[in-house]
Amino acid sequence: MTQAATSSLIRSINRSAVLDLLQQESPMARSELARRLRMSLPTVMRIVDDLLAEDFLRPIGLAESTGGRPGALIELNGAGYGVIGIDLGGSKMFGALADLSGKLSHETYLAHDEQGAENCLDPLCDLIQQLLDAPRPTGQRIRGIGVGAPGVTRNADGVVLWSPQLNWRDLPLSRLLQERFDLPVFVENDVNLAALGEWGFGVGKGARSLITLAIGTGIGAGVVLDGAIYHGAHQAAGEVGYMPPGVSFLGQRYDGFGAFEGIASGPGIAARAERVAPVLAGAHPANGRMTAESVFAAARGGQEWARDVIAETVDYIALAVADITALLDPEIIVLGGGVSASADLLIEPILARLDGVVPYPPRLAASTLGSRAATLGAVTLVLHGTTGRVVINRQF
């Protein structure tokens with residue numbers, strides 16, 4: 001359905017554009033904002049005045065003079081509001097208190113108890129309360145809470161539809177947390193949130209199109225277009241762990257983790273290594289349990305079996321990158337998740353595999369945010385959610 005371009009909608013679009021640009025590039029004069037956004041100066045001045053009154057922006061001196069009277073510079077008032085960001089995981093939760101500029105003031109990890117990840121709701125509330133009670137700058141108000149959950153989420157109402165890691169189905173997480181803390185709560189898929197973090201504060205800052213390919217316990221992708229997450233018809237866009245990496249994987253059921261995850265995730269890499277690693281002293285870790293980290297370490301140590309496993313892993317990931325690139329032509333693909341710690345053994349070989357395969361290979365880079373990506377993505381998620389952000393295709 002096409003939405004009519006009412007005056008209210010146009011105001012929302014213009015306001016969102018001003019906030020987006022100042023989040024990416026501060027400080028800036030009003031005249032420069034008008035030029036970059038192709039808006040009239042009076043329109044920009046009205047929007048800026050409103051945002052100054054709401055404490056989203058603050059003045060910060062004067063621009064350099066170019067012959068006339070220098071204009072006043074304004075910037076995003078990062079410290080004015082705080083956001084609670086939570087990254088739920090299969091083995092532990094990571095929480096942080098950050099301001100709108102992405103400055104982290106408090107971080108904490110909390111391992112899931114022995115009863116399993118599915119019983120993490122009460123510990124999650126305890127973690128949020130710890131962050132709410134943490135000291136913060138004088139006058140800083142909490143804008144809201146952003147939570148990244150593994151699995152399929154319905155972001156419109158914050159319901160976790162299915163999370164294999166947490167064994168949650170149809171959990172109204174946003175409503176439960178709103179009732180507990182009386183704050184705006186936004187729930188997203190964890191990889192989507194990590195992608196938003198990379199777009200707002202990481203290696204892909206400001207990119208018009210960005211994909212985060214997170215490879216860890218599972219495999220998922222977050223798709224960000226013009227600063228907005230693309231969810232798909234069933235809220236499952238980016239579930240690339242289910243992409244079949246070859247015809248031999250067709251005609252089978254994958255009720256939990258998908259075919260691609262089964263061979264190229266951290267556990268998938270370890271399982272393939274178990275089948276080929278020689279039973280020799282030093283081939284397996286001291287505890288006898290193979291991990292993706294130990295396979296990469298063995299490859300760095302020159303062990304041929306490990307190099308073969310990593311080469312095969314590169315092939316599988318390159319297939320996924322080629323498929324994503326052919327479909328979406330992203331400006332940048334960011335490798336995230338635990339396996340990205342070994343990006344030095346992956347990125348150049350993947351790009352070599354893609355040479356000549358796709359017309360425009362993407363920029364491929366390792367995450368610079370690591371485990372903080374999702375919690376920083378919460379900053380942008382809450383800011384967008386509480387300011388009524390509206391996005392259009394805009395060429396800066």
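Remarks
- As a summary of the residue check, P330 satisfies the conditions (1) surrounded by fewer than 18 Cβ atoms within 10 Å (Cβ to Cβ); (2) in a loop (DSSP other than H, G, I, E, B) except for the one numbered (1).
- Residues that are open to solvent by 30 Å² or more (accessible area, probe 1.4 Å) and not in a loop (DSSP other than H, G, I, E, B), drawn from the stretch 209-227: L225
- Residue check, A195 surrounded by fewer than 24 Cβ atoms within 10 Å (Cβ to Cβ) and of a type in the set (A, V, I, L, M, F, W, C): no
- Any hit, the stretch 108-120, residues being open to solvent by 10 Å² or more (accessible area, probe 1.4 Å) and within 30 Å of L22 (Cα to Cα): yes
- Of all the residues in the stretch 324-371, those that are under 16 Å from the mean Cα position of the chain (by Cα) and within 14 Å of G222 (Cα to Cα) number 9.
- Looking across Q23, Q129, one residue alone is under 27 Å from T387 (Cβ atoms) and modelled with pLDDT under 90. It is Q23.
- Criterion violated by L57 - all others in (1) modelled with pLDDT of 80 or more; (2) surrounded by fewer than 21 Cβ atoms within 10 Å (Cβ to Cβ) satisfied: (2)
- Pairs, first touching a residue at least 24 places away in the same chain (Cβ under 8 Å) and under 23 Å from G256 (Cβ atoms) in the stretch 158-183, second open to solvent by less than 40 Å² (accessible area, probe 1.4 Å) and part of a helix (DSSP H, G or I), C-beta under 8 Å, six or more apart: V159/L173; V159/S174; V160/L173; Q165/A117; L166/A117; N167/A117
- Listed by first and then second residue, the pairs with beta-carbon distance under 6 Å, at least 6 apart or on different chains, first residue in the stretch 214-226 and under 14 Å from A236 (Cβ atoms), second of a type in the set (D, E) and at pLDDT below 95, are G218/E261; I219/E261.
- Within the stretch 371-383, the set of residues being in contact with a strand residue (DSSP E or B) (Cβ under 8 Å, 6 or more places away or on another chain) and either free of Cβ contacts under 8 Å to residues at least 12 places away in the same chain or not aliphatic (A, V, I, L, M) (or both) comprises S371, R372, T375, G377.
- Every residue from the stretch 343-368 that is open to solvent by 90 Å² or more (accessible area, probe 1.4 Å) and assigned to a helix (DSSP H, G or I): D344, E348, R353
- Test: residue in the stretch 153-173 that is in contact with a Phe, Trp or Tyr (Cβ under 6 Å, 6 or more places away or on another chain), open to solvent by less than 40 Å² (accessible area, probe 1.4 Å), at pLDDT 95 or above and not acidic (D, E): no
- Residue among G256, G206, G251 that is outside any strand (DSSP E or B), out of contact with any helix residue (DSSP H, G or I) (no Cβ under 8 Å at 6 or more places or on another chain), modelled with pLDDT under 95 and on the phi > 0 side of the Ramachandran plot: G251
- Checked against (1) within 21 Å of the chain's Cα centre (by Cα); (2) part of a helix (DSSP H, G or I); (3) crowded, with 20+ Cβ neighbours inside 10 Å; (4) among the aliphatic types (A, V, I, L, M), A299 meets all criteria but (1).
- Among the residues of the stretch 350-396, just one is over 18 Å from F186 (Cα atoms), of a type in the set (S, T, Y) and modelled with pLDDT under 90, namely S371.
- Among (1) within 27 Å of G200 (Cα to Cα); (2) at pLDDT 95 or above; (3) among the polar types (S, T, N, Q), the one test that S340 misses: (2)
- Criterion violated by A236 - all others in (1) among the aliphatic types (A, V, I, L, M); (2) open to solvent by less than 30 Å² (accessible area, probe 1.4 Å); (3) within 25 Å of L364 (Cα to Cα) satisfied: (2)
- Test: residue in the stretch 86-97 that is at pLDDT 95 or above and either within 30 Å of I47 (Cα to Cα) or in a helix (DSSP H, G or I) (or both): yes
- Meets criteria (closer than 16 Å to F296 by Cα and outside any loop (DSSP other than H, G, I, E, B)) for A373: no
- Members of the stretch 376-394 that are assigned to a helix (DSSP H, G or I) and not hydroxyl-bearing (S, T, Y): L376, G377, A378, V379, L381, V382, L383, H384, G385
The values are calculated or read from the model by the stated rules, or taken from the named source; none is laboratory data. All values derive from a computational prediction rather than experimental measurement. Counting neighbours? That spans all protein chains shown, and the Cβs are built from the backbone with ideal geometry, glycine included. For the accessible areas, the whole protein counts, side chains as well, though only heavy atoms, and no ligand, DNA or RNA atoms are used. Shrake-Rupley method; radii C 1.70, N 1.55, O 1.52, S 1.80 Å.
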